[in-house]
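Beneath this line is the structure, given in structure tokens, with notes to follow.
The values are calculated or read from the model by the stated rules, or taken from the named source; none is laboratory data. Computed from a predicted model, the values in this text were never measured in an experiment. In this analysis, Cβ positions are derived from the backbone assuming ideal geometry, glycine residues included, and neighbour counts consider all displayed protein chains. The area values use the complete protein model at the heavy-atom level, side chains included, leaving out ligands, DNA and RNA. Shrake-Rupley method; radii C 1.70, N 1.55, O 1.52, S 1.80 Å.
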Amino acid sequence: MKRAIPILALILISSTVLAQSNVTQMLTNMSNTHISEIAAGNINATLGSYAQSPFVFVNMNYTNFSNTYYGSSGVISALKNITSYGTPYTFYIRNSSVIGINATEYSVNRDVWFVSSNQTTALFIPYSATYVYSNGSWLILAEWFGTNSDAGNVTSATQIPANLTTTTVQTTVTTINITTIVTPTSLLYTILGQNATQNSTTAGTSQGQSPSLIIIVGAILAIGIIILYILTIRKK
């Protein structure tokens with residue numbers, strides 16, 4: 001029985017790691033698609049990525065649209081401002097990370113560069129989005145284009161670091177450069193309160209959150225293995 005304990009612990013840990021890895025990759029892919037839609041100027045396509053009552057916080061130097069935007073109409077206004085420099089953008093992603101807050105809430109963080117279609121303007125944006133599991137889907141509850149302490153910048157396109165042009169994957173409207181995903185031990189950004197200041201992270205209780213299906217399946221599998229092992233020991 002003593003030998004079985006480490007094996008059972010290993011099974012539990014493996015199931016958790018597998019679930020975490022799957023969710024991380026899924027949210028990375030979803031975020032890539034979402035940013036691609038923003039870069040293409042396809043604002044209507046982005047609306048399906050948001051929870052029922054989202055907010056978008058924008059803090060961009062050298063612009064007049066830094067603000068906190070609420071609801072679907074706010075999302076549309078924020079994204080119209082972000083894409084006002086000439087879509088389709090070429091975009092670059094660097095320093096990407098996905099951080100698990102709990103089983104139903106994750107933070108996706110990365111630095112994003114948007115380059116205007118006429119290649120004269122570049123937007124450097126410290127970007128973050130909080131995804132929540134709601135009614136069977138992962139949706140964006142909160143999104144940041146720059147934060148209070150780390151604003152985005154609008155610059156000449158010629159000021160983009162040269163190393164962003166290496167190891168890229170071409171798509172129809174964008175160029176993506178993604179580094180290896182890491183999982184820091186602390187959150188880079190937290191959900192903003194109504195006054196657009198950074199508060200402790202909270203999830204919207206009205207979103208009807210459900211646990212990730214992958215995590216549930218892993219837990220059930222681990223419990224089943226434990227029960228089968230106990231029954232086997234008793235028979236002996």
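On inspection, T147 qualifies as open to solvent by less than 10 Å² (accessible area, probe 1.4 Å), touching a residue at least 24 places away in the same chain (Cβ under 8 Å) and more than 20 Å from M30 (Cα to Cα). I need the full set of residues from the stretch 28-53 which are in contact (Cβ under 8 Å) with a residue 60 or more places away in the chain and small (G, A, S), in order please. The answer is S31, S36, A39, A40, S49, A51, S53. A count restricted to the stretch 90-125 and to residues that are open to solvent by 10 Å² or more (accessible area, probe 1.4 Å), in a strand (DSSP E or B) and polar (S, T, N, Q) stands at 4.
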